[in-house]
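Worksheet: the structure to be examined is printed underneath.
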């Protein structure tokens, strides 16, 4: 795990010092709550980013869908996010509760999300714990009760950071102070992927996920266009599932149809997942963190938006792409495979990645999430 694991070892060693009366280190126990241990590369990247940014004095306990894997990967304590007894025990022992990034308070994918995350936040507040909402993307919230619950949970937080202007505006309307900064994954350290450079170059990464807006007809057009694109560019296509349950089947459907070199890369380590894009010329992606990782590693990017958060990123850093949902000002995906392929060929030949100044600004501002943690916990710079 490179530097991330090394950081965790140092932090656990610091915890050992708390047992020593001569030690001056005052440890803070924190419960980290997010969509962790659920096999989603984007949410794992948020956890990795949070662990990188936590002050050394913080001893984390991660609520995870796979506690054994989480502990092994990051070198931290973890417990089952679905076990009421385990979660309650963790909260009782904690000083601090952190919502750790992502679109936790939204009811678009499931109305249960605000109840789970909002319920835990309110429980922590009722138990007298300091609570922080970190790097949040708020909404969509389509139901009055989930909006009310979200407002109540945020109002009880001692510190709040959000990752997009729309979330900041919503909280401002609720008179909840918050800082706005780019997604923390912009600042997450990447790790090179062994064997990547042995694959034929140039390389293009493709990330698709199952979604109602990616209809069978659209997937067929996409695949035909990708075949034409590969023939024209002689590129190696890297298919990158970010979540096996939602992405892998699509990758397995596309790969046998490609005429040139290709490989499905199922990488679970989020820092290595970001590291894939070090060796990629261009990325075509649906997932938000696929686009962020690619842009952060200086790839030319093309977006297929299935969610407002992707549209927000497209607008923020001017990523070309299509809206699969038809709910924004962006044009929909064409129905003609030749038009699709020609659009990608134009980007591949003449497109540009983010400039060094743009990247530096995004990373520096993403580190505002780290400063929020330090200030909230009372750590001196």
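The values are calculated or read from the model by the stated rules, or taken from the named source; none is laboratory data. All values derive from a computational prediction rather than experimental measurement. With ideal geometry, Cβ positions are generated from the backbone for all residues, glycine too; neighbour counts draw on all protein chains shown.
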Considering every residue within segment 326-334, establish whether at least one is part of a helix (DSSP H, G or I) and either modelled with pLDDT of 95 or more or crowded, with 23+ Cβ neighbours inside 10 Å (or both). no
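Given the residues 46, 51, which is the only one that is in the same structural domain as residue 184 (by TED's automatic domain parsing) and closer than 21 Å to residue 291 by Cα?
Values: 51 fails: closer than 21 Å to residue 291 by Cα.
Going through 46, 51 in turn, the sole match is 46.
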Check whether at least one residue in segment 143-159 is touching a helix residue (DSSP H, G or I) at 6+ places or on another chain (Cβ under 9 Å), touching a residue at least 60 places away in the same chain (Cβ under 8 Å) and under 17 Å from residue 174 (Cα atoms), and report yes or no. yes
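Do the conditions hold for residue 295, that is, is it surrounded by 14 or more Cβ atoms within 10 Å (Cβ to Cβ), in contact (Cβ under 8 Å) with a residue 12 or more places away in the chain, closer than 30 Å to residue 94 by Cα and in contact with a strand residue (DSSP E or B) (Cβ under 6 Å, 6 or more places away or on another chain)? Steps first, answer last, please.
Values: surrounded by 14 or more Cβ atoms within 10 Å (Cβ to Cβ): yes; in contact (Cβ under 8 Å) with a residue 12 or more places away in the chain: yes; closer than 30 Å to residue 94 by Cα: no; in contact with a strand residue (DSSP E or B) (Cβ under 6 Å, 6 or more places away or on another chain): yes.
The answer is no for residue 295.
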Considering only residues that are over 15 Å from the mean Cα position of the chain (by Cα) and either under 18 Å from residue 296 (Cβ atoms) or at pLDDT below 95 (or both), which ones fall in segment 240-276? 265, 276
Of the residues in segment 183-204 that are out of contact with any helix residue (DSSP H, G or I) (no Cβ under 9 Å at 6 or more places or on another chain) and free of Cβ contacts under 8 Å to residues at least 12 places away in the same chain, the one that is surrounded by the fewest Cβ atoms within 10 Å (Cβ to Cβ) is 198
Residue count, segment 143-166, condition within 21 Å of the chain's Cα centre (by Cα) and either surrounded by fewer than 22 Cβ atoms within 10 Å (Cβ to Cβ) or closer than 23 Å to residue 51 by Cα (or both), comes to 9
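With 266, 314 as the choices, which residue is over 15 Å from residue 209 (Cβ atoms), touching a residue at least 12 places away in the same chain (Cβ under 8 Å) and either in contact with a strand residue (DSSP E or B) (Cβ under 8 Å, 6 or more places away or on another chain) or not in a helix (DSSP H, G or I) (or both)? Steps first, answer last, please.
Values: 266 fails: over 15 Å from residue 209 (Cβ atoms).
Result of the check over 266, 314: 314.
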Here are some conditions: (1) in a helix (DSSP H, G or I); (2) more than 17 Å from the chain's Cα centre (by Cα). Residue 298 meets all but one. Which one does it not meet? (1)
Residue tally, condition in contact with a helix residue (DSSP H, G or I) (Cβ under 9 Å, 6 or more places away or on another chain) and touching a residue at least 40 places away in the same chain (Cβ under 8 Å), over segment 205-219: 8
Scanning segment 338-376 for residues that are in contact with a strand residue (DSSP E or B) (Cβ under 6 Å, 6 or more places away or on another chain) and farther than 22 Å from residue 316 by Cβ, which turns out surrounded by the most Cβ atoms within 10 Å (Cβ to Cβ)? 376
Given (1) under 18 Å from residue 209 (Cα atoms); (2) surrounded by fewer than 17 Cβ atoms within 10 Å (Cβ to Cβ), residue 246 misses just (2)
Members of segment 130-142 that are surrounded by fewer than 22 Cβ atoms within 10 Å (Cβ to Cβ) and either free of Cβ contacts under 8 Å to residues at least 40 places away in the same chain or not assigned by TED's automatic domain parsing to the domain that holds residue 91 (or both): 141, 142
